[in-house]
């Protein structure tokens, strides 16, 4: 898993059927990357719905959120619509897990992303990370604490 203080690797991943997002184009905003194993799994669904409910707090800190898994863009679109998510799900589908591998959070044995969170500053530097046990929803407290700490450091 990439360490705090590391420049996050850029990526170009599908966020809809015809749109892609790169990390480079997000410079100037704090970025939350939530890697998760799979759409439609119970823990992942709960985690992403919680983040959806917490979006307004993330946005108060000028932070954008993306979920990332190896599911395809069509699966993400159906899942996002089903759960009424208001943030992008990025498809790390081809090459499978390529971005998760760059971040050190791809599980080769299971063929899916580990449950990991990275909070990046406006320059794309990892300021906080967390690797959660696969069956446990990591919640949003750590993310919010990291964002608040970053804001406090900027105000000093």
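Looking at this structure, is residue 111 under 12 Å from residue 38 (Cα atoms), out of contact with any strand residue (DSSP E or B) (no Cβ under 8 Å at 6 or more places or on another chain) and modelled with pLDDT of 95 or more?
Answer is yes for this residue.
Given (1) surrounded by 20 or more Cβ atoms within 10 Å (Cβ to Cβ); (2) under 18 Å from residue 129 (Cα atoms), identify the lone condition not met by residue 39.
Single failed check for residue 39: (2).
Looking at the stretch 60-73 only, could you name the residues that are closer than 21 Å to residue 106 by Cα and over 10 Å from the mean Cα position of the chain (by Cα)?
The answer is 70, 71, 72, 73.
Give me a count of the residues in the stretch 16-37 that are over 13 Å from the mean Cα position of the chain (by Cα) and assigned to a loop (DSSP other than H, G, I, E, B).
7
Is it the case, given these coordinates, that residue 10 is surrounded by fewer than 18 Cβ atoms within 10 Å (Cβ to Cβ) and either touching a strand residue (DSSP E or B) at 6+ places or on another chain (Cβ under 8 Å) or closer than 16 Å to residue 124 by Cβ (or both)?
For residue 10, the condition - surrounded by fewer than 18 Cβ atoms within 10 Å (Cβ to Cβ) and either touching a strand residue (DSSP E or B) at 6+ places or on another chain (Cβ under 8 Å) or closer than 16 Å to residue 124 by Cβ (or both) - is met.
The values are calculated or read from the model by the stated rules, or taken from the named source; none is laboratory data. These numbers were taken from a predicted model, which means no experiment stands behind them. Positions of Cβ are backbone-derived with ideal geometry, glycine not excepted, and every protein chain shown enters the neighbour counts.
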